[in-house]
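Colleague: Attaching a single structure in structure tokens format; questions to follow.
The values are calculated or read from the model by the stated rules, or taken from the named source; none is laboratory data. The structure presented is a predicted model; accordingly, all values stated were derived computationally and were not measured. Glycine also receives a Cβ, built like all others from the backbone with ideal geometry; neighbour counts cover every protein chain displayed. Note: areas computed on protein heavy atoms with side chains; ligands, DNA, RNA excluded. Shrake-Rupley method; radii C 1.70, N 1.55, O 1.52, S 1.80 Å.
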Amino acid sequence: MTAPHAPPVISVVVPCFNTAPYLPATLKSVEEQTFQDFEVLLVDDGSSDGTLAVLHAWAATDSRFKVIALGRNQGIVAARNAALAVASGEYVALLDSDDVWPPGALAQRLAVARRYPSADVIATDFAWFEEELPATPVGRVGLGPGGARLFAHSFATGEPVLFTEPFEAFASVQFAWVAATLVRRAAMTAIGNFEPTAKIAEDTLLWIRLAQRGAFVFLPQITAYYRQRTGSISANLKGPDAFAYLTVLDWVKDRPEFAAHRAVIQRIRAQCHHIGATYYRRLGETAAAVKHALSAVQAQPWGWVYWRGLAAASSDWLRKKVSPPTL
């Protein structure tokens, strides 16, 4: 009688849609990991460019690579959830089909996970590149002034930082990105994996939901490279990132499990609407600017900067309303 195989430590989830030219580099970066106890769940989301053939060819050479074909395009949330439904690893590592990992990515993240067994999410730093990965990796993405303050000691020492109650820290500084994380699969299962109704910022919504549930660790080491390419979802988003983040905050703000975090949610919603008002004022779209400025005031009625923003947006709107017609 043959003994059953032990499940892998890590399930790697790779959703794919019309990315055949990029897949060899992506899958090679997984295959060349120094940590090798993994399965790779390759989900073809109804591609029409030969992606499925590439996946089958790769799976034929390595039994750890398994293909799931959805048949028709259902979107990245459905593709990821299809893989997560059959994942068997203790941890999940998410990787988009055009991004790449350095060889020690999984080993570094897993070492941190073992060091902090209470953490549901290990998040790490990452960098970006355009189209082709250069011989010399490009600089890290950066987490803005808030991130620089939050992780100043961690970046100075190279040591991970543990957040036992990570909601406010993550909501203020979004320091997790799909290809640079390791997530306890039990935590993903507990929240139902990716929210099926999410159309944009589905990854941010996932992290917010996980941050409400359990501990996060941030490792100040680059363990992933994000490919910026023409035609990608992120490249096609219009307006500031705050607009996508508002969809996440609006999803969570009235849910009972987030009741303890409503003050934080309202503070950040006000900030996002203030950014939206400023953006539309610069475009000269005064009605949209007033709408966002008013929403900022409603979220934080004691914030004088939001009242000042509303006054400025309203002044622009009135000036445009009463300006004489162009002859």
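Colleague: Under 17 Å Cα-Cα from Lys291, which lysines qualify once same-chain neighbours fewer than 8 residues away are excluded?
Modeller: Partners found: Lys320, Lys321.
Colleague: Cα atoms only, the range 64-107: Rg and Dmax in Å?
Modeller: For the range 64-107, the Cα radius of gyration and maximum Cα-Cα distance read 12.1, 35 Å.
Colleague: On to the next question. Let me know the shape class of the range 85-124, please: from the alpha-carbon gyration tensor, a ≥ b ≥ c as square roots of the eigenvalues, rounded when a/c is under 1.5, otherwise prolate if a/b is greater than b/c, or oblate.
Modeller: Cα axes put the range 85-124 in the oblate bin.
Colleague: Please report the antiparallel percentage of DSSP beta bridges with both residues in the chain, rounded to the nearest 5.
Modeller: Roughly 30 percent of the DSSP beta bridges within the chain come out antiparallel.
Colleague: Among Thr124, Trp207, Val9, flag the residue with its Cα farthest along the positive direction of the charge dipole of the chain, charges on Cβ as +1 for Lys/Arg and -1 for Asp/Glu.
Modeller: Trp207
Colleague: Then there's this: Given a 1.4 angstrom probe, what's the average accessible area per residue across the range 1-98, in square angstrom?
Modeller: Each residue of the range 1-98 exposes 43 Å² on average to a 1.4 Å probe.
Colleague: Grab the eigenvalues of the alpha-carbon gyration tensor for the range 1-64, scale each by 5, take roots, and send me the semi-axes largest first in whole angstrom.
Modeller: They are 24, 13, 10 Å, listed from largest to smallest.
Colleague: Need one number for the chain: average projected area of the convex hull over its C-alpha atoms, nm².
Modeller: Across all orientations, the chain yields a mean hull projection of 21.3 nm².
Colleague: Related question: Could you sort Ile208, Ile76, Ile275 by accessible area so the largest value comes first, with the probe set to 1.4 Å?
Modeller: Reading off the accessible areas and sorting them downward yields Ile275, Ile76, Ile208.
Colleague: Leaving ligands, DNA and RNA out of it, report the carbon-plus-sulfur percent of the accessible area of the chain at a 1.4 Å probe.
Modeller: That fraction is 57 percent.
Colleague: Quick one: which residues, 5+ away or cross-chain, put their amide H under 5 Å from the amide H of Ala224? H built at 1.01 Å from N.
Modeller: Sorted by chain and number, the residues that satisfy this are Ala127.
Colleague: Work out the charge dipole of the chain with +1 on the Cβ of Lys and Arg and -1 on the Cβ of Asp and Glu about the Cα centre, then indicate which of Thr164, Gly309, Ala260 is farthest towards its positive end.
Modeller: Value computed over the given set: Gly309.
Colleague: Determine the order of Ser11, Ser118 by accessible area, beginning with the largest, at a probe radius of 1.4 Å.
Modeller: So the residues, ranked largest to smallest area, are Ser118, Ser11.
Colleague: Based on DSSP H runs of at least 4 residues, each adding -39500 (n - 2.57), what is the mean residue ellipticity at 222 nm of the chain after dividing by all its residues, to the nearest 500 deg cm²/dmol?
Modeller: After summing the helix terms and dividing by the residues of the chain, the value is -13500 deg cm²/dmol.
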